[in-house]
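Please read the structure below before turning to the comments.
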Amino acid sequence: MKSKTLSIIFRYVLLIILVGLSLLVDAQTQYPCGAVEMQKELYLKDKKWLDMQEKTEQVLIRQKGGFVGSRSTDTYTLPVVVHVVHNNGSENISDDQIEQAISNLNAAFSHTGPYQTKGEGFDTKIQFCLANRTPDNQSTSGINRVISNLTNMTMETQDEELKNLSRWDPNQYINIWVVNEITSQSQGSGVAGYAYLAGMHGQPVDGMVCEAKYFGKSPSDDVVFIHEMGHYLNLLHTFDGGCTNNLCDQEGDKVCDTPPDQALHSACVFNSCGTDKNDTRSINPFTTDVNDMTQNYMDYSPFECQFAFTKGQSERMRLTIENIRESLLQSEGCLSPCLSTISGSISAPTEAVTGEKVNLSFSGAGATTCVDCQWHTNRDISYTRICIYSTRDLHHNFSSRNQDANCIYKTKHTITVSAIFWQILIRSLA
Ligand SMILES: [Ca+2]
Ligand SMILES: [Ca+2]
Ligand SMILES: [Ca+2]
Ligand SMILES: [Zn+2]
């Protein structure tokens, strides 16, 4: 009798262990994003990348310190280039499907269309265009196709090799590589996409890799791609750092209006942390314990639950664009090719001392007349003669246009300023 009871208990225990194991295995195969793993790989390879990423956090904190939030309410439109790396299989998706992916991406970031109908979310005023101009000023669909076996790739070992097949200047374009299958050495074949955070801005591997089956197929499958774009713009997972929530802007995902979360694979309604109101400062909007934000694109809830970014996430992404990925705002990738080029030159000294008056002049020459020539300085003042009153170096951005709306001439000039005393000393030593 006793041994029969024991055997029943043993069977139950075994069953519980097996169910637990199968859940674990399930969790492994369901793991859709490889971004964290790839960041980890990067930091192991060279600690400088960790320093670089930490620097982006410092920049964001500093920018937030001076004023609350993003400095602009403009819509930012960022140019995207899609490299379809295929082997003539179904992963060689059509232009239409790629355009659908970008359209879903834009709907998610503006919280419109299929995502808006699911519930409340924030319009980030960040949009994306498929590039209209190549880095060489040629016309393009923003889609490059390359035939390669690397369409089935292992992310930890073949990331750079894949990206070397086709790449446009990552300072000017968001590079997206679409492949058939991503496999991870640690996470298995469940990985469907990965991206690098903004600390990698402009580096050869900067950008994201997505599987073709999660690219333009349906609004709910495209949350993988939307999620990766969130990482590219420096968003962390909502469950990053677990439940600790004493300083909501520095812990967890470093965004205060996403509640603390430690669930990896949760249902649409789930509450994994009760620490929501621990941070008692006014920047924490939570005064009671709420459910996890499973509707958030940066959560790991089932795809159909996801439909929102928050205001705080939008701010983090916009600050990232304005400060770390700023060169994308200068990119002309969204414009059609310029057909009547303008050239120009700046005449100004490159060195000066405090108290000195210097002349700056610009002469522009184009195939057509320069109709909108003006100085755009870092202080947004127009002048041609300046008095140098501090030892801060002066940076001037100049741009001019002609009647072709796709043509912009931009140039930069820096005047290195030194104090008179040091100048005299240097001259006397020379
Ligand atoms: Ca995969
Ligand atoms: Ca948070
Ligand atoms: Ca909670
Ligand atoms: Zn992720």
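Since every read-out is calculated from the coordinates, none of them should be taken as a lab result. All values reported here derive from a predicted model rather than from experimental measurement. Glycine gets a Cβ as well: all are built from the backbone with ideal geometry, and neighbour counts include every protein chain shown.
General observations
- Take the Cβ atoms of D169 and L339, set R0 to 25 Å, and the FRET efficiency comes out at 0.70.
- Relative packing of peptides 322-333, 227-238, 244-255 - highest average C-beta neighbours within 10 Å first: 227-238, 244-255, 322-333
- Around the amide H of L78, modelled in the peptide plane, lie the amide H atoms of Q127, F128, C129, all under 5 Å away and 5 or more residues distant in sequence or on another chain.
- Placing pseudo-labels 7 Å out from each Cα toward the beta carbon at Q138 and K48 gives an inter-label distance of 3.3 nm.
- Close amide H contacts of S189 (hydrogens built in the peptide plane, cut-off under 5 Å, sequence separation of 5 or more or a different chain): S184.
- For the stretch 258-349, the Cβ-based charge dipole about the Cα centre amounts to some 260 debye (Lys, Arg positive; Asp, Glu negative; other atoms uncharged).
- About the centre of its Cα atoms, the stretch 123-270 shows a dipole size close to 480 debye [charges on the beta carbon of Lys, Arg (+1) and Asp, Glu (-1) only; nearest 20 debye].
- Annotation: extensible slack from V353 through K64 equals 100.8 nm (criterion: 0.36 nm per residue apart, minus Cα-Cα distance).
- When DSSP beta bridges are restricted to pairs lying wholly in the stretch 146-279, around 35% turn out antiparallel.
- Sum of side-chain charges, V417 neighbourhood, beta-carbon under 10 Å (Lys, Arg +1; Asp, Glu -1): -2
- Relative packing of 116-124, 298-306, 186-194, which averages over residues the other C-beta atoms within 10 Å, highest first: 298-306, 186-194, 116-124
- Note, ³J(HN,Hα) from phi for the stretch 259-274, Karplus 6.51, -1.76, 1.60, rounded to Hz, x at Gly and Pro: x, x, 7, 9, 8, 8, 10, 10, 6, 5, 10, 7, 9, 9, 9, x
- Reach of K412 by Cα under 20 Å, taken over lysines that are not fewer than 8 positions away in the same chain: K357
- The stretch 402-408 - phi-based ³J(HN,Hα) in whole Hz, Karplus 6.51/-1.76/1.60, Gly and Pro as x: 10, 6, 7, 4, 8, 10, 9
- Distance between the modelled labels on D74 and E156, one decimal in nanometres: 4.3 nm (7 Å Cα→Cβ projection).
- The stretch 143-152 - phi-based ³J(HN,Hα) in whole Hz, Karplus 6.51/-1.76/1.60, Gly and Pro as x: 10, 10, 10, 10, 8, 6, 5, 5, 4, 10
- Cα-Cα over 19 Å, subset of K64/K254; K40/K125; K125/K213; K55/K311: K40/K125; K125/K213; K55/K311
- Percentage relative contact order, the stretch 218-283, counting C-alpha pairs under 8 Å, at least six apart: 28 percent
- Nonlocal amide H pairs with V353, under 5 Å, H built at 1.01 Å: S418
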